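Notes follow once the structure below has been shown.
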Amino acid sequence: MEFVSCQACPLRALPLFVEASGSELALIESLKKEQVVAHAGQCIVHEGQADLPLYTLLQGWAFRFKTLSDGRRQILNFLLPGDVIGVQQHMGGVAACGVQALSDVLLCVFRSDALWELHRMAPALGFGVTWLAAHEESMAGDALLSVGRRSAEERIASLLIVMFKRVAALLPDAGAQGVPFLLTQQHIADALGLSLAHTHRTLRKLEKRGLHRIEAGRLHLLDVKLLPQFADLYGDGKPARRPLL
């Protein structure tokens, strides 16, 4: 596995991420310990885990989850390249939720004191990490709105739009040819509080209305005006520019 330096990180060239100064890049580089690979289905973070390092997801998809004692799982949100893992644990002492690799992933691993050093040595970067945590809380609030108040069709339409926009922001063509879509129907059901059968029926119903198509592992939004209205989505789902560790 080739080590990717922060200076050469392919994510930094994307408009989605705020440009870091030379001194900020040097600090991030000094705090990075190593890169590790986790394979699809592997647990990156266990619920209740302590002494968790700070990670940046460099390649692949993952998701945060919580489980009940009988094994039932709620997916809280999906993680894409550029997302940070471990901030909440550093604030609370132990990981309140688990993180599992949805595909094979490549992770940048930072020193255990990285969060403190970012705030001490580069306050703007430290604020950026705080912003990421606050933004994730906002996403969790929208997910709660979906589970609590949106219909099944609105839930799935909302998820398709948000995931499409998030993935498109990582692509050179901004999703003009569709975007990779790695979620199974079980992932969607676990994220939206639906049964697998209900998820399947609702996806088929939306597809028959000509709103979207999932084909060969890619998601295409076919009616970019009607689908957001149908989802009753607040905003356009496009991700805000963000810092990158």
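The values are calculated or read from the model by the stated rules, or taken from the named source; none is laboratory data. This is a predicted model, so every value here is computed, not measured. Cβ placement follows ideal geometry from the backbone for every residue including glycine, while neighbour counts extend to all protein chains displayed.
Summary table
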read-out	value
Residues of segment 12-24 classified as of a type in the set (A, V, I, L, M, F, W, C), crowded, with 17+ Cβ neighbours inside 10 Å and modelled with pLDDT of 90 or more, total	2
Members of segment 25-41 that are aliphatic (A, V, I, L, M) and under 24 Å from residue 118 (Cα atoms)	25, 26, 27, 28, 31, 36
Count - residues of segment 169-193 that are without any contact (Cβ under 8 Å) to a residue 60 or more places away in the chain and either closer than 20 Å to residue 142 by Cβ or in contact with a Pro (Cβ under 8 Å, 6 or more places away or on another chain) (or both)	5
Failed item, numbered, when residue 28 is tested on (1) closer than 26 Å to residue 138 by Cβ; (2) at pLDDT below 95; (3) part of a loop (DSSP other than H, G, I, E, B)	(3)
Options 128, 86: the member that is touching a Leu at 6+ places or on another chain (Cβ under 6 Å) and of a type outside the set (Ser, Thr, Tyr)	86
Verdict on residue 166 being under 22 Å from residue 195 (Cβ atoms) and either touching a residue at least 12 places away in the same chain (Cβ under 8 Å) or touching a Leu at 6+ places or on another chain (Cβ under 6 Å) (or both)	no
Whichever residue in segment 59-77 is crowded, with 18+ Cβ neighbours inside 10 Å and at pLDDT 95 or above and, among such residues, is farthest from residue 13 (Cα to Cα)	63
Odd one out for residue 78, checked against (1) out of contact with any helix residue (DSSP H, G or I) (no Cβ under 8 Å at 6 or more places or on another chain); (2) under 22 Å from residue 143 (Cα atoms); (3) of a type in the set (Phe, Trp, Tyr)	(1)
Some residue of segment 103-110 being loosely packed, with under 15 Cβ neighbours inside 10 Å, without any contact (Cβ under 8 Å) to a residue 12 or more places away in the chain and either in a helix (DSSP H, G or I) or not polar (S, T, N, Q) (or both)	no
Which listed residue, of 163, 139, is under 29 Å from residue 72 (Cα atoms) and in the same structural domain as residue 88 (by TED's automatic domain parsing)	139
Top-ranked residue in segment 1-25 [being touching a residue at least 24 places away in the same chain (Cβ under 8 Å) and outside any loop (DSSP other than H, G, I, E, B); ranked as nearest to residue 111 (Cα to Cα)]	24
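Here is a yes/no grid of residues against (1) more than 20 Å from residue 52 (Cβ to Cβ); (2) of a type in the set (S, T, N, Q); (3) over 17 Å from the mean Cα position of the chain (by Cα):
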{"site": "78", "(1), (2), (3)": "no, no, no"}
{"site": "86", "(1), (2), (3)": "no, no, no"}
{"site": "128", "(1), (2), (3)": "no, no, no"}
{"site": "138", "(1), (2), (3)": "yes, yes, no"}
{"site": "143", "(1), (2), (3)": "yes, no, no"}
{"site": "159", "(1), (2), (3)": "yes, no, no"}
{"site": "165", "(1), (2), (3)": "yes, no, no"}
{"site": "173", "(1), (2), (3)": "yes, no, yes"}
{"site": "179", "(1), (2), (3)": "yes, no, no"}
